[in-house]
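Trainee: Got a structure for you, written out below as structure tokens; questions coming shortly.
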Amino acid sequence: MKLSIYRYNPEQDTRPRMQSYDIAPAPTDRMLLDLLLRLRETDDSLAFRRSCREGVCGSDAMNINGRNGLACITALAQLKEPIVLRPLPGFPVIRDLVVDMTQFFAHYHSVRPYLINNEPPPERERPQSPAERARLDGLYECILCACCSGFCPPYWWNPDKYVGPAGLLQAYRFIADSRDRATRERLDFLDDVYRLYRCRTIMNCTEVCPKHLSPSRAIERIRARLLGEAF
Amino acid sequence: MKLLSGLRAWVVQRVSATLLLGFVLWFAVWLFLVPPDSYDQWRALVAHPTAEIALTIFFAALLAHAWVGVRDIVLDYVHWRPLRAAILLGVAVGLLATGAALALAALHAR
Amino acid sequence: MPPPAFDHATDAPDGRSLISGDLQSRHWGDRPRFLDLRHLSFPPGALASIAHRASGALLAMATPPTAWVFLRSLASAEGFAEVARWGRTLPVRLALALLLAALTYHLLAGIRHLLMDVGIGSSLRAGRASARVVLAAGAAAFVAAAAMLLR
């Protein structure tokens, strides 16, 4: 199979370049990650992150034939050749397909992605009805792979000021949590011309989420909440 | 709502959009059904009290909607603060001047 | 006043904020970024969105001149006649066709957004489908406007 992969080694290259590969997959190679690991048998200079190989850690997010996705759950049979691999768009490239996720995580931290409840803790757990728990479905499953934020044009233009779909989805995960008591502060933080309101509902995020979540819908819900709180 | 709220602009954009939608459809239908053939017909059409009120709200909504839209574009693409401020100021002046011209013309016509 | 404390969550190792919004944090580090739009595959929603922006920008730029023409047509009978004369020239009719198409597209795409705001059509499938519909309608509007005004 033919591949064209983005290569950049800061110690050797002044500019990134595309390198072609042609490698025969083994019969057991079904996912793109399998092929990449096989590729490293002949060229071990190629750098990319990977871990769980089953689509739950989010390490191997990359741009595959123009769309973001996880290499470990992208089937080779579904890919047109040459398979063009590039790093997540808009993210600083450390080397080859490895990008710097620091700013992405900074946004995640900025929305305070943890339960805030200063009421005296109950004897056992903080109760939550099945209906209340159901409101977290489609939000808690995020693996922070950054496929969404890496495909979001407003995030490309303002990666420092716009929180991005991943951060906003997580922000909503806590706004929607019945046990959280910081809703007003969370909404106040997001009510900013950049932090939340750069979103133009392009829906690129929802298109590429490998866990089939909908950051665009979460953002829609945050906007509805902000509207509701104001009037 | 904070001073630099994003919600305010979004609400203005959505409300003005809805108003503009209504007016554009109304004006389109009206002009299609009763196209003015002469200056007197045209003037009479616009001078009608309902038309005057509609046009006032229409232009106010249009200028507000244009402002929020263009501001969004500038905020997205212009990152150098002094340039951004200058462009936004220019756009604001342009839209305000348009509004002033319309308002003054309406007042003079009375 | 002491400098703000280092925030481990949101500051770069050198102390600059990663999310403050000054120019430095946008180009934090001198690493390259892949952002060549020619090598990205854009779903229909993305195309619908950029067309919405382009049509909006066009209409916004056309607003002051349109207001000026509107006032001129009302100022006097000569003004009205002059505007009617301009409206018969080819360049003006071309511009009008373009603006009419832009308006139609912007309106339809705008309705799509307003519906999504209230939860209608905000699923992935519905969003994709509605984006295609709006783009097709926009193309049709352009053809219709051209045909109508360039007779």
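Trainee: Would a scan of segment A:69-86 turn up a residue that is over 24 Å from residue A:166 (Cβ atoms), in contact (Cβ under 8 Å) with a residue 60 or more places away in the chain and not aliphatic (A, V, I, L, M)?
Mentor: Checking segment A:69-86: at least one residue is over 24 Å from residue A:166 (Cβ atoms), in contact (Cβ under 8 Å) with a residue 60 or more places away in the chain and not aliphatic (A, V, I, L, M).
Residue by residue, here is whether (1) within 11 Å of another protein chain (Cβ to nearest Cβ); (2) of a type in the set (Asp, Glu); (3) under 30 Å from residue A:197 (Cα atoms) holds:
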position: B:36; (1), (2), (3): yes, no, no
position: B:43; (1), (2), (3): yes, no, no
position: B:56; (1), (2), (3): no, no, yes
position: B:59; (1), (2), (3): yes, no, yes
position: B:62; (1), (2), (3): yes, no, yes
position: B:108; (1), (2), (3): yes, no, no
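Trainee: Need the failing condition index for residue C:101 against (1) crowded, with 19+ Cβ neighbours inside 10 Å; (2) among the aliphatic types (A, V, I, L, M); (3) within 14 Å of chain A (Cβ to nearest Cβ), just the number.
Mentor: Answer for residue C:101: the failing condition is (3).
Trainee: Considering only segment A:45-58, I want to know if a residue exists there that is more than 19 Å from residue A:21 (Cβ to Cβ), modelled with pLDDT of 95 or more and surrounded by 20 or more Cβ atoms within 10 Å (Cβ to Cβ).
Mentor: Of segment A:45-58, the ones more than 19 Å from residue A:21 (Cβ to Cβ) are A:51-58.
Adding the requirement that they be modelled with pLDDT of 95 or more leaves A:51-58.
Keeping just the survivors that are surrounded by 20 or more Cβ atoms within 10 Å (Cβ to Cβ) gives A:58.
Yes - at least one qualifying residue is present in segment A:45-58.
Trainee: Are any of the residues in segment A:199-207 of a type in the set (Val, Ile, Thr) and buried (at least 23 other Cβ atoms within 10 Å of the Cβ)? Even if it seems obvious, please write down each step before you answer.
Mentor: Of segment A:199-207, the ones of a type in the set (Val, Ile, Thr) are A:201-202, A:206.
Okay, now just the ones that are also buried (at least 23 other Cβ atoms within 10 Å of the Cβ), so A:202, A:206.
So far as segment A:199-207 goes, yes, one or more of its residues are of a type in the set (Val, Ile, Thr) and buried (at least 23 other Cβ atoms within 10 Å of the Cβ).
Trainee: A further question follows. I'd like to verify a number: residues in segment B:70-81 that are part of a helix (DSSP H, G or I) and either at pLDDT below 95 or at the interface with another protein chain (Cβ under 7 Å from one of its Cβ atoms) (or both), how many?
Mentor: The total comes to 6.
Trainee: Just need a number here: residues in segment C:42-82 that are closer than 30 Å to residue A:64 by Cα, surrounded by 15 or more Cβ atoms within 10 Å (Cβ to Cβ) and either of a type in the set (Gly, Ala, Ser) or more than 10 Å from chain A (Cβ to nearest Cβ) (or both).
Mentor: 5
The values are calculated or read from the model by the stated rules, or taken from the named source; none is laboratory data. Keep in mind that what you see is a predicted model, and the values were worked out from it rather than measured. All Cβ positions, glycine included, derive from the backbone under ideal geometry; neighbour counts span all protein chains shown.
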